[in-house]
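Visitor: One structure coming up, written as structure tokens, with questions to follow.
The values are calculated or read from the model by the stated rules, or taken from the named source; none is laboratory data. Computed from a predicted structure; not experimentally measured. Neighbour counts run over all protein chains shown; Cβ positions are idealised from the backbone, glycine included.
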Amino acid sequence: MSKPKEVSPAAKVEQSRALHERASNVMPAGVGGQSQYRPPHPIYIARARGSRLYDRDGNEYIDFMIGAGSLIHGHAHPAIMRAVRDALEEGVPNLSATERQIELAERLVRYVPSIERIRFVPSGSEGVQSIIRLARAFTGRDKIAKFEGAYHGSGENVLVSCTADKSSRGPRHEPRAVAFHTRTPEEVLKLTVILPFNDIDASVALIEKHARELALVIAEPVLGFGGAIPADREYLAAIREVTRKHGILLAFDEVITAFRSRMGGIQDEYGLRPDLTVLGKVIAGGYPMAAFGGRADVMEMLSSEKRPEDYVFQSGTFSAFPLSVAAGLASLKVMEDSAVFPRMNELGDRMRRGLKQAAEAAGYAIDVTGIGSIFHTHFTKEQVRSVRQAEDADQDLLRELHVRMLAHGIFLYQGHVGFISSAHSEADIDKALAAAGEVLRTMKREGR
């Protein structure tokens, strides 16, 4: 895999380069977490407002990474900032039960069709691990199943087959469980069954094969990490039917999709009801918090009141952190008081359509995937419906596009999915598309 050449923004990046050298002395790869890294070095941000980022060198960017999708209303939204300041002034510490926490729980239960009871956690990763423990306790079984290309956080039991590398992925109808950038004991890998995304017959057959051992099937209704690929409604419906048939709990990981294209997430759009759901990102207005919830009979296994002898333990020092709860309530109120979703979804359609037109005009075959305000570009002649097709597309071209877009003031999650917020304007989309057209024409002239 070739490394994209460095293309500096129109202004200088000396401070970002120097800061990265300094950071590399104290942090691996010079970053606090892998998602912050972008070769040849991160752009160090000084401040952010609305749809804009401003770096330490004074450059301005239109941000389509937008906190990995969590900043649904853009940066520093006034209503969210006011709510957080008010909560900060109150000084309520973590691990305190508050009325706001109840109010946020009531709002989430009201909007997400499958959730009857809910619990808060600091991150989506913890939410996923919580439902795995819960499902094992409820069913008395040990194995879980996930879909090839799905990312469910950093737990080693789900940090498996997040990509589909040709050298190790195994047959299409029965993918291998492959650890993702880590050494995972074989005993752990054997507890995770990998299902082929958007393949009804193969997935149902694998679930049937392992049915007596499966406690949980967890699905991203739209593969985020895997390329912003929506699941077919018929596919998810078939998974719902076979899991119900065998008493296997079905969970939707809607960390990315809930409260992004509509209030109730993909399950509401598709009319499907999982047993459990994991929420994150948007529900805290960009502040750190996630949640998981679902059927009352399953979730009540967490209750030390109702099951004092054998309840499933779940807790966290920063669960339902007061500042995050305040931000989440403010974020939901903005959604309730304004028609943000139709406009954001329209901008998403405009972005996907425009990227495809710009690439084809420059002489590239591409597919642009996504749903609502989520988009991803794949340099391939195929219609991308699986992570294998996404992986087999030209990744070098995609990274080159994103690096060069930075020179035009367009900030993308390099090589990954893009997001639109309610702070983005039609002019922002038009500027991004104009930059993409210019970059793609230049790349083609240079023989890329």
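Visitor: Looking at segment 125-158 only, could you name the residues that are out of contact with any helix residue (DSSP H, G or I) (no Cβ under 7 Å at 6 or more places or on another chain) and of a type in the set (A, V, I, L, M, F, W, C)?
Guide: Once the filter is applied, which keeps residues that are out of contact with any helix residue (DSSP H, G or I) (no Cβ under 7 Å at 6 or more places or on another chain) and of a type in the set (A, V, I, L, M, F, W, C), segment 125-158 yields Val128, Ile131, Ile132, Ala135, Phe147, Ala150.
Visitor: Let me ask something additional. Just the residues that are crowded, with 22+ Cβ neighbours inside 10 Å and either outside the structural domain of Leu412 (by TED's automatic domain parsing) or farther than 19 Å from Leu433 by Cβ (or both), please, taken from segment 60-74.
Guide: Hits for segment 60-74 are Gly69, Ser70, Leu71, Ile72, His73.
Visitor: Give the residue that is nearest to Arg307 (Cα to Cα), with candidates limited to residues of segment 144-162 that are of a type in the set (A, V, I, L, M, F, W, C) and in a loop (DSSP other than H, G, I, E, B).
Guide: Of everything passing the filter in segment 144-162, Val158 is nearest to Arg307 (Cα to Cα).
Visitor: Restricting the first residue to segment 370-384 and requiring it to be touching a residue at least 24 places away in the same chain (Cβ under 8 Å), which pairs with a second residue that is among the small types (Gly, Ala, Ser) and in a strand (DSSP E or B) meet a Cβ separation below 6 Å and a spacing of at least six or different chains?
Guide: Phe375/Gly418; His376/Gly370
Visitor: In segment 90-143, how many residues are part of a helix (DSSP H, G or I) and either of a type in the set (Gly, Ala, Ser) or over 22 Å from Val255 (Cβ atoms) (or both)?
Guide: 11
Visitor: Hey, among the residues in segment 240-260 that are crowded, with 24+ Cβ neighbours inside 10 Å and over 15 Å from the mean Cα position of the chain (by Cα), which one's farthest from Phe419 (Cα to Cα)?
Guide: Of everything passing the filter in segment 240-260, Ile248 is farthest from Phe419 (Cα to Cα).
Visitor: Output the helices (runs of 4 or more DSSP H) that fall wholly within segment 359-448 and possess 3 or more residues being within 30 Å of Leu332 (Cα to Cα) and not β-branched (Val, Ile, Thr), or say none.
Guide: 426-445
Visitor: Please go through segment 35-83 and pick out each residue that is over 22 Å from Glu14 (Cα atoms), without any contact (Cβ under 8 Å) to a residue 12 or more places away in the chain and within 20 Å of the chain's Cα centre (by Cα).
Guide: none
Visitor: Where the second residue is of a type in the set (Lys, Arg) and the first is surrounded by fewer than 22 Cβ atoms within 10 Å (Cβ to Cβ) and lies in segment 411-425, which pairs have Cβ atoms under 6 Å and are six or more apart or on separate chains?
Guide: The qualifying pairs are Gln414/Arg38; Gly415/Arg399.
Visitor: A further question on this structure: Would segment 216-233 turn up any residue that is more than 24 Å from Gly293 (Cα to Cα) and among the charged types (D, E, K, R)?
Guide: no
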